[in-house]
Amino acid sequence: MPLPTNNLLFGFEPKLTDEQRRYVDSIFDNQLTIVNARSGTGKTTLGVACAKIIGKPLVYVFSPVEEKKMGFRPGTQAEKESEYLTPLKDALLEIGEVPEKVVYNEENTEALKAGHVWVYPMSHIFARGINLKDKTVILAESQNYTRGDMKKILTRIHDSCTVIIEGHTGQCDLPDESKSGFAPYIEHFRGQPYCEVVELNVNFRGKLAQHADNLSW
């Protein structure tokens, strides 16, 4: 089933482009949606909005590109990770959720009572041997995951999960872009009956951001 009939998707439904509608419908229709999309195209906001409607707890996994340096920066672990969570927090605000109330972490146990969102750096997933069941899982900025990183995460996901892999093949921050697992996994899953690969191309931040994104290397 695509986006339920008469569901306004927190006000986004009437404004969806054809590309965005295909993305949203895929999240409801398929276990796995892979979105190859530029910054500012709405991939995180729409993914989080869909997760809220689906109703399963949301697990948001991110990959700090310089993860080894995180331990040497001042602040708590949550403070170190906060810069990677801005897209998630912005998306939660867009759908009327207060991030401080719904995002659970070890320093915010009160959020577990009312919250529905867990956030993990990918190493946290590996270190704790987490198995993911009955969740909506978003792998954010997946162009910055290596093939091995993506394999370790995806092999922990049960069929009861809805999965969104989001990234952009043109924005890899790994020192060696050839090690990114995003493009290989797009092709690995393309054509599977439970997966759809979609693209978003319009940067809704405006003409300056859109034109900047069009520069090729």
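Among the residues making up region 1-46, those that are in a loop (DSSP other than H, G, I, E, B) and touching a Phe, Trp or Tyr at 6+ places or on another chain (Cβ under 8 Å) are Met1, Pro2, Leu3, Pro4, Asn30, Gln31, Gly40, Thr41, Gly42.
Conditions tested, residue by residue: (1) under 23 Å from Met150 (Cβ atoms); (2) out of contact with any Asp or Glu (no Cβ under 6 Å at 6 or more places or on another chain).
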| site | (1), (2) |
| --- | --- |
| Leu16 | no, yes |
| Arg21 | no, yes |
| Ser26 | yes, no |
| Asn30 | yes, no |
| Arg38 | yes, no |
| Val48 | yes, yes |
| Ala51 | yes, yes |
| Gly55 | no, yes |
| Val59 | yes, yes |
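Would you mention how many residues in region 1-15 are without any contact (Cβ under 8 Å) to a residue 12 or more places away in the chain and within 17 Å of Ala51 (Cβ to Cβ)?
Filtering region 1-15 for residues without any contact (Cβ under 8 Å) to a residue 12 or more places away in the chain gives 5-6, 8, 11, 13-15.
Among the residues that remain, those that are also within 17 Å of Ala51 (Cβ to Cβ) are: 8, 11, 13.
Of the residues in region 1-15, 3 are without any contact (Cβ under 8 Å) to a residue 12 or more places away in the chain and within 17 Å of Ala51 (Cβ to Cβ).
For Val198, the criteria (1) of a type in the set (A, V, I, L, M); (2) in a loop (DSSP other than H, G, I, E, B); (3) within 17 Å of the chain's Cα centre (by Cα) hold in every case but one, which is (2).
Considering each of Ile54, Ile27 in turn, give the residue that is among the hydrophobic types (A, V, I, L, M, F, W, C), more than 21 Å from Thr86 (Cα to Cα) and crowded, with 21+ Cβ neighbours inside 10 Å. Spell out the reasoning first.
Working: Ile54 fails: crowded, with 21+ Cβ neighbours inside 10 Å.
Every option except Ile27 fails the conditions.
Scanning region 165-208 for residues that are among the aromatic types (Phe, Trp, Tyr) and more than 15 Å from Arg147 (Cα to Cα) returns Tyr194, Phe204.
Bear in mind that the values in this text are calculations on the coordinates, not laboratory data. Computed from a predicted structure; not experimentally measured. Reconstructed Cβ throughout: ideal geometry from the backbone, glycine too, with neighbour counts over all protein chains shown.
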